[in-house]
Amino acid sequence: MAQFAPQPMAEAIARDLLSFPITHMTDELAFDEQRFREHLEWIIGAGPAGVFAAGGTGEFFSLTPDEVEKVTATSVEVTRGRLPVLAGVGYGTAMAIDLARRAERAGADGILLLPPYLINASQQGLAAHVEAVCRATSLGVILYNRDNAIVDAENVARLCERCPNLVGLKDGVGDIELMVRTRSLLGDRLVYVGGLPTAETFARPYLAMGVATYSSALFNFMPNFARGFYNAVRAEDVPTIEAGLRDFILPYTAIRNRGRGYAVAIVKAGARIVGRPGGPVRPPLTDLDAKSYADLEALIAGHGDVAPGPRK
């Protein structure tokens, strides 16, 4: 059973930095529950405001519905109500409804509604999809605007009128006008979450637009850096922000941009480098090539002790 009702969940995640745990795999590409449990407990020790179970960085798109439910239930067991757990939900409307109900059954506190599979739908169709999922669950829903599912400001506003449990908007588009228009229409009706790849790159300008927080994949292997950078953004500590961008984030994104799908693979590589391996990514993703892995290893080494707790 959820520990956070929709509005308290939204308020909780708006207070601080969020984390997207990787989903651990064995060499045979099965879910490695024990390593996942250990890693999630370690992440919680760094103090995120919430975690997204089986989200994009958690390879939602490569998991079966049963696995998504298992990862979510495991996350709920590990967190023990200390912070909200939001589960990944997506694909077509019928599957998304099923996954939302599974998330509720697993004890999640909310869902992150990812884009439907493959199709490019009309605004009317996207709105109907979002509404159907919201009506299928009592959990708070965070709409993830990205790729083939970008709901415009006017339709988000109408959805907010019709769906009280639509409590957040995560932006993976980078369309500043759209974000400003949505924020202008809705004000504090929603919590706004930054969701572009390596969200630290955009954290400072997004904060100025009223985006309260963002989800950091770096929490998986550099929680001290992720926490410090977030604090610098909130404090408008420009020298620290600029140094973080120059010395780590921009070189990191340059490695990430070398291959399709590396946004997930680079996080798993980082976890392995700091002694917290999450196993390989599942196809169709591929792990980093040898040069990219070595370059990432050198980049992380240049930041000294970046990860609290014992290495494994």
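Remarks
- For the residues Gly261, Gly270, the requirement of being among the small types (Gly, Ala, Ser) and in contact with a Pro (Cβ under 8 Å, 6 or more places away or on another chain) singles out Gly261.
- Here Asn231 meets each of (1) open to solvent by 20 Å² or more (accessible area, probe 1.4 Å); (2) within 21 Å of the chain's Cα centre (by Cα); (3) within 17 Å of Ala14 (Cα to Cα); (4) touching a residue at least 24 places away in the same chain (Cβ under 8 Å) with one exception, condition (4).
- If the condition is being under 17 Å from Trp42 (Cα atoms), without any contact (Cβ under 8 Å) to a residue 60 or more places away in the chain and of a type in the set (D, E, K, R), then the stretch 259-279 contributes only Arg272.
- Tyr214 at pLDDT 95 or above and closer than 22 Å to Gly270 by Cα: yes
- Looking only at the stretch 37-62, residues that are in contact with a Gly (Cβ under 8 Å, 6 or more places away or on another chain) and over 24 Å from Tyr230 (Cβ atoms) come to 1 in all.
- Residues in the stretch 241-251 that are open to solvent by less than 60 Å² (accessible area, probe 1.4 Å) and more than 18 Å from the chain's Cα centre (by Cα): 6 in all.
- The stretch 44-65: number of residues that are surrounded by fewer than 22 Cβ atoms within 10 Å (Cβ to Cβ), closer than 23 Å to Phe4 by Cα and β-branched (Val, Ile, Thr): 1
- Scanning the stretch 70-91 for residues that are open to solvent by 30 Å² or more (accessible area, probe 1.4 Å) and closer than 21 Å to Arg146 by Cβ turns up just one, Tyr91.
- Answer residue from the stretch 97-113, given it is free of Cβ contacts under 8 Å to residues at least 60 places away in the same chain and surrounded by fewer than 24 Cβ atoms within 10 Å (Cβ to Cβ) and is nearest to Tyr144 (Cα to Cα) among those: Ile97
- Comparison of Lys291, Lys268, Lys312 shows that the only residue that is more than 20 Å from the chain's Cα centre (by Cα) and at pLDDT 95 or above is Lys291.
- Of everything in the stretch 267-294 that is surrounded by fewer than 17 Cβ atoms within 10 Å (Cβ to Cβ) and of a type in the set (A, V, I, L, M, F, W, C), the residue that is farthest from Ala30 (Cα to Cα) is Ala294.
- The one condition from (1) touching a helix residue (DSSP H, G or I) at 6+ places or on another chain (Cβ under 9 Å); (2) modelled with pLDDT of 95 or more; (3) small (Gly, Ala, Ser); (4) surrounded by fewer than 17 Cβ atoms within 10 Å (Cβ to Cβ) that Gly302 does not meet is (2).
The values are calculated or read from the model by the stated rules, or taken from the named source; none is laboratory data. Worth saying up front: this structure is predicted, and the values here are computed from it rather than measured. Here the Cβ is made from the backbone with ideal geometry for all residues, glycine too, and neighbour counts use every protein chain on show. Side chains are part of the model used for accessible areas, which takes the heavy atoms of the whole protein and leaves out ligands, DNA and RNA. Shrake-Rupley method; radii C 1.70, N 1.55, O 1.52, S 1.80 Å.
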